[in-house]
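Just below is one structure, and these are the notes that go with it.
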Amino acid sequence: MGQVTVRVQEAPFDLAAESAALAAGRTDIGGLASFVGLCRADDGLAALVLEHYPGMTERAIARIAAEACARWPLSGCTVIHRVGRLAPGAPIVLVLTASTHRAAALESCAFLIDWLKTGAPFWKREEFAGGRDRWVEAKSADDAAAARWSAPPPDGGT
Amino acid sequence: MGQVTVRVQEAPFDLAAESAALAAGRTDIGGLASFVGLCRADDGLAALVLEHYPGMTERAIARIAAEACARWPLSGCTVIHRVGRLAPGAPIVLVLTASTHRAAALESCAFLIDWLKTGAPFWKREEFAGGRDRWVEAKSADDAAAARWSAPPPDGGT
Amino acid sequence: MRVLYFAWVRQKVGIAEEEVAPPPEVADVAGLMAWLSRQSPGHAAAFANAGQIRAAVNQDFAAPDQPVGPADEVAFFPPVTGG
Amino acid sequence: MRVLYFAWVRQKVGIAEEEVAPPPEVADVAGLMAWLSRQSPGHAAAFANAGQIRAAVNQDFAAPDQPVGPADEVAFFPPVTGG
């Protein structure tokens, strides 16, 4: 199984440093795929506040990452998810996958972000100017995106 | 159409700087997908030498990028392809796509790298220890990967 | 039994976690939800629409018929929205 | 007409580019390949297996039946292997 790094943190992450760490000292990696999710300023959003379930979050992500390593021949993968208050434009989540072949890197990257959306215990609350706020509702489109990876999820996650 | 950046260069590229440039000043980007192709040290490779067709290369990549912008609602995309002599482990190509939605970013990134493999005039020569060298042969798997984007290629590229 | 609440479930219940000792007939996740909903108006509001609530037992997602016991950590929360 | 060669096609022909003036009956890419292959042993070696050669006319990929004329830039090369 590849090198798996999972972190939940308030601090920003460094895409270049994480890529370098994943590829360090190796000459068998043909492709590095990454996805960075960013906070959009939809509807006049002032901030996004991310809450999670400490302990379960890391378990859930590690299980999803292990599933990715089982499905694709990965040299490694890195998942970093931020929590706390994030401003519009701020990066929220990083998924980084490395493999000998590009298709494995690209597909596992898409798999990981699809499953993170539906299988890890994070909740987003949107704060707007003037003090109004609301919890983001789960999207059926996200369930559909996760479900397209046909086989059942790593856990019984909905 | 999104902001398109295409470069062919000998120098390395900076993934973090290119990501920042694509997202600079925007709060409407929800996802940034990237793919970095790296030089593998298969079979004792000493160096990879990349040749291209100056003029046609930039035209071909710009056309593929325009096709990606036509197929997906992209905020922008960046394609940087290196040429010259590259050591094992060195990055060869960067594809970076930005969109409001993650699926558009991820799919267009895969589309662009698949088409770069088959639709842009680059040729790779492998140099081995002891002076032996050989031209890399085109892979039918690459043609199949490009062909899965069902519609015809941006150009009449094979 | 330790019970945790997250997101708007936590806001409605009014607390983030509590120790509870339900009677022995509370044997699974669904039974625990029904019992908790009778503990306060906040609990009642949080669990008013059971279809909007997800659960975890010992930090794994759990279905309504999953057994729960005194030594378990059980969490209730809305469908997740990370990524 | 300007003709360019790349990769092993260039190595076999022995030059990277040349100006040529084929007779008027050389009207398309396939005809030009046949005519070029008779210009030197290097050209003959390069074009020995036409199925391994791709072409571009004025910097766009071109099929064998694509017309070519004196003002065109025509390139011959192996299937591409970038990315």
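Okay, here's what the table says:
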quantity: Of residues in segment C:32-47 being over 11 Å from the mean Cα position of the chain (by Cα) and not polar (S, T, N, Q), the one farthest from the other protein chains (Cβ to nearest Cβ); calculated: C:Arg38
quantity: Test: residue in segment C:8-31 that is loosely packed, with under 15 Cβ neighbours inside 10 Å, under 30 Å from A:Leu38 (Cα atoms) and within 12 Å of the chain's Cα centre (by Cα); calculated: yes
quantity: Among the residues listed as A:Thr57, A:Thr78, the single one being hydroxyl-bearing (Ser, Thr, Tyr), modelled with pLDDT of 95 or more and part of a strand (DSSP E or B); calculated: A:Thr78
quantity: Residue list for segment A:20-47, restricted to those being more than 22 Å from B:Ala47 (Cα to Cα) and either at the interface with another protein chain (Cβ under 8 Å from one of its Cβ atoms) or of a type outside the set (Gly, Ala, Ser) (or both); calculated: A:Ala33, A:Ser34, A:Phe35, A:Val36, A:Gly37, A:Leu38, A:Cys39, A:Arg40, A:Ala41, A:Asp42, A:Asp43, A:Leu45
quantity: Condition met for B:Ala145 (buried (at least 19 other Cβ atoms within 10 Å of the Cβ), at pLDDT below 95, assigned to a helix (DSSP H, G or I) and within 14 Å of chain D (Cβ to nearest Cβ)); calculated: yes
quantity: Criterion violated by C:Ala50 - all others in (1) over 22 Å from A:Thr57 (Cβ atoms); (2) without any contact (Cβ under 8 Å) to a residue 24 or more places away in the chain; (3) over 12 Å from the mean Cα position of the chain (by Cα); (4) within 14 Å of chain A (Cβ to nearest Cβ) satisfied; calculated: (3)
quantity: Qualifying residue in segment A:48-69 (condition: within 20 Å of A:Ala146 (Cβ to Cβ), crowded, with 19+ Cβ neighbours inside 10 Å and at the interface with chain B (Cβ under 8 Å from one of its Cβ atoms)); calculated: no
quantity: Every residue from segment A:83-132 that is touching a Cys at 6+ places or on another chain (Cβ under 9 Å) and within 15 Å of A:Arg7 (Cβ to Cβ); calculated: A:Pro91, A:Ile92, A:Val95, A:Leu96, A:Leu112
quantity: Matching option when the condition is over 19 Å from C:Glu18 (Cβ atoms) and of a type in the set (S, T, N, Q), among C:Gln52, C:Gln59, C:Gln39; calculated: C:Gln52
quantity: Residue count, segment C:32-48 (criterion: surrounded by 14 or more Cβ atoms within 10 Å (Cβ to Cβ) and of a type in the set (D, E, K, R)); calculated: 0
quantity: So C:Ala30, is it more than 25 Å from A:His52 (Cβ to Cβ) and without any contact (Cβ under 8 Å) to a residue 40 or more places away in the chain; calculated: no
quantity: Those residues of segment B:70-82 which are in contact (Cβ under 8 Å) with a residue 40 or more places away in the chain and either of a type in the set (S, T, N, Q) or crowded, with 19+ Cβ neighbours inside 10 Å (or both), in sequence order; calculated: B:Leu74, B:Ser75, B:Gly76, B:Cys77, B:Thr78, B:Val79, B:Ile80, B:His81, B:Arg82
quantity: Count of segment D:56-80 residues which are surrounded by fewer than 19 Cβ atoms within 10 Å (Cβ to Cβ) and of a type in the set (A, V, I, L, M, F, W, C); calculated: 2
quantity: Check on A:Gly131, of a type outside the set (Phe, Trp, Tyr) and at pLDDT below 95; calculated: yes
quantity: Positions within segment A:114-127 being within 7 Å of another protein chain (Cβ to nearest Cβ), touching a helix residue (DSSP H, G or I) at 6+ places or on another chain (Cβ under 6 Å) and assigned to a helix (DSSP H, G or I), in sequence order; calculated: A:Lys117, A:Thr118
quantity: Given (1) more than 10 Å from chain A (Cβ to nearest Cβ); (2) on the phi > 0 side of the Ramachandran plot; (3) of a type in the set (Gly, Ala, Ser), index of the condition B:Gly2 fails; calculated: (2)
quantity: Segment A:1-34 - residue that is of a type in the set (Val, Ile, Thr) and part of a loop (DSSP other than H, G, I, E, B) and, of those, nearest to A:Ser108 (Cα to Cα); calculated: A:Ile29
quantity: Output for segment B:87-99, where each listed residue is facing another protein chain (nearest Cβ under 7 Å) and over 17 Å from A:Ala103 (Cβ atoms); calculated: B:Pro88, B:Gly89
quantity: Hey, B:Ser99 crowded, with 18+ Cβ neighbours inside 10 Å, farther than 20 Å from D:Arg54 by Cβ and more than 17 Å from the chain's Cα centre (by Cα) or not; calculated: yes
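The values are calculated or read from the model by the stated rules, or taken from the named source; none is laboratory data. Computed from a predicted structure; not experimentally measured. Counting neighbours? That spans all protein chains shown, and the Cβs are built from the backbone with ideal geometry, glycine included.
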